[in-house]
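Enquirer: Sharing a structure, written as structure tokens. Questions coming.
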Amino acid sequence: MDNLQPKSALYTDYKLGVHGAEDKNPILLQERQGLNMLNLVVFDDGAVNTVLQNTVNLSLPSPSQSLSNEQSTIMWIGPNRYLIVSINLEILKTIADQLEDQYGALQDLSCARTVIRIQGEFCRQIMAKGLNLPLDQDSFVAGQVVLSSFDHHYPAIVHNLSDERETFDIYVTRSFALSFWHWLCDSSLEYGYEIIESELNG
């Protein structure tokens, strides 16, 4: 029983390989599993920044921005609200031990969201099929975070990780994950896409 692991919401339809139009550089799709995700509500910026510096060596980012290091990322997702994502499975306990109730509140969302990484030349064109937002390289730059809904159905957080390689992480609610996966794969068919092995953390 101790070896039981959460099952991916995509497990029935995560088919490795190249699909759709033939292209030398297909879009890459990859699920990122085992991430520790914490919803952070901040009541005292200064006190919370001290805790974050002591635990993850990061501070609170500006609105619509993110800050990252090798283990963790903090994303602004609304006024006084942040999403902490880490490959460190002890991060919740570490922060919770130092964060006093009057300074902020934490909620574990690790099993609540599915994270899909999309890489490649045509990422922005594919996402533009479902997002009613400016996604050009001048409007949506590396480190930026947007909150919206794909195709008016799939609430998501989109994090731009790199402009050079065009890499984005999409955080979608687990209950919508499989349906969104179908939408994303269908939207990528005209460019060609490759589903690669899941990234396993933890």
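Enquirer: For the subset of the range 78-94 comprising residues that are β-branched (Val, Ile, Thr) and surrounded by fewer than 18 Cβ atoms within 10 Å (Cβ to Cβ), which member is farthest from residue 48 (Cα to Cα)?
Expert: Checking each candidate, the answer is 87.
Enquirer: So residue 93 ticks every box in (1) without any contact (Cβ under 8 Å) to a residue 12 or more places away in the chain; (2) touching a strand residue (DSSP E or B) at 6+ places or on another chain (Cβ under 8 Å) but one. Which box is left unticked?
Expert: (2)
Enquirer: Do we have residue 97 as surrounded by fewer than 14 Cβ atoms within 10 Å (Cβ to Cβ), of a type in the set (Asp, Glu) and assigned to a helix (DSSP H, G or I) here?
Expert: yes
Enquirer: Now, a different point. Among (1) surrounded by 15 or more Cβ atoms within 10 Å (Cβ to Cβ); (2) within 24 Å of residue 148 (Cα to Cα); (3) hydroxyl-bearing (Ser, Thr, Tyr); (4) modelled with pLDDT of 95 or more, where does residue 62 come up short?
Expert: Against the list (1) surrounded by 15 or more Cβ atoms within 10 Å (Cβ to Cβ); (2) within 24 Å of residue 148 (Cα to Cα); (3) hydroxyl-bearing (Ser, Thr, Tyr); (4) modelled with pLDDT of 95 or more, residue 62 comes up short only on (1).
Enquirer: I'd like to know if the range 124-137 contains one or more residues that are free of Cβ contacts under 8 Å to residues at least 40 places away in the same chain, among the acidic types (Asp, Glu) and not assigned by TED's automatic domain parsing to the domain that holds residue 187.
Expert: At the first step, the residues of the range 124-137 found to be free of Cβ contacts under 8 Å to residues at least 40 places away in the same chain are 128, 131-137.
Now restrict to residues that are among the acidic types (Asp, Glu): 136.
Those left that are additionally not assigned by TED's automatic domain parsing to the domain that holds residue 187: none.
Within the range 124-137 (the criterion being free of Cβ contacts under 8 Å to residues at least 40 places away in the same chain, among the acidic types (Asp, Glu) and not assigned by TED's automatic domain parsing to the domain that holds residue 187), the answer is no, since none of the residues qualifies.
Enquirer: Same structure again: Sort out which residues of the range 164-197 are closer than 18 Å to residue 20 by Cβ and under 16 Å from the mean Cα position of the chain (by Cα), and write them in order of number.
Expert: First pass over the range 164-197, keeping only residues closer than 18 Å to residue 20 by Cβ: 166, 180-196.
Result: 166, 180, 181, 184.
Enquirer: Could you please let me know if residue 31 is under 18 Å from residue 199 (Cα atoms) and assigned to a loop (DSSP other than H, G, I, E, B)?
Expert: Numbers: under 18 Å from residue 199 (Cα atoms): yes; assigned to a loop (DSSP other than H, G, I, E, B): no.
No: the conditions fail for residue 31.
Enquirer: If I ask for residues that are under 20 Å from the mean Cα position of the chain (by Cα) and closer than 22 Å to residue 32 by Cβ, which ones from the range 79-94 would you list? Quick ask: steps written out before the conclusion?
Expert: Restricting attention to the range 79-94, the residues satisfying the condition of being under 20 Å from the mean Cα position of the chain (by Cα) are 79-92.
Matches in the range 79-94: 81, 82, 83, 84, 85, 86, 87, 88, 89, 90, 91, 92.
Enquirer: Just to be sure before I move on: is residue 58 of a type outside the set (Ser, Thr, Tyr), on the phi < 0 side of the Ramachandran plot, outside any helix (DSSP H, G or I) and free of Cβ contacts under 8 Å to residues at least 24 places away in the same chain in the structure I sent?
Expert: Criteria met by residue 58.
Enquirer: (1) under 19 Å from residue 85 (Cβ atoms); (2) assigned to a strand (DSSP E or B): which one isn't true of residue 149, the others all being true?
Expert: (1) is the only condition that residue 149 fails.
Enquirer: Report whether or not residue 108 is surrounded by 12 or more Cβ atoms within 10 Å (Cβ to Cβ), in contact (Cβ under 8 Å) with a residue 40 or more places away in the chain and acidic (Asp, Glu).
Expert: Criteria met by residue 108.
The values are calculated or read from the model by the stated rules, or taken from the named source; none is laboratory data. Predicted model only: the values in this text are computed from it and were never measured. Every residue, glycine as well, gets a Cβ built from its backbone with ideal geometry; the counts of neighbours run over all protein chains shown.
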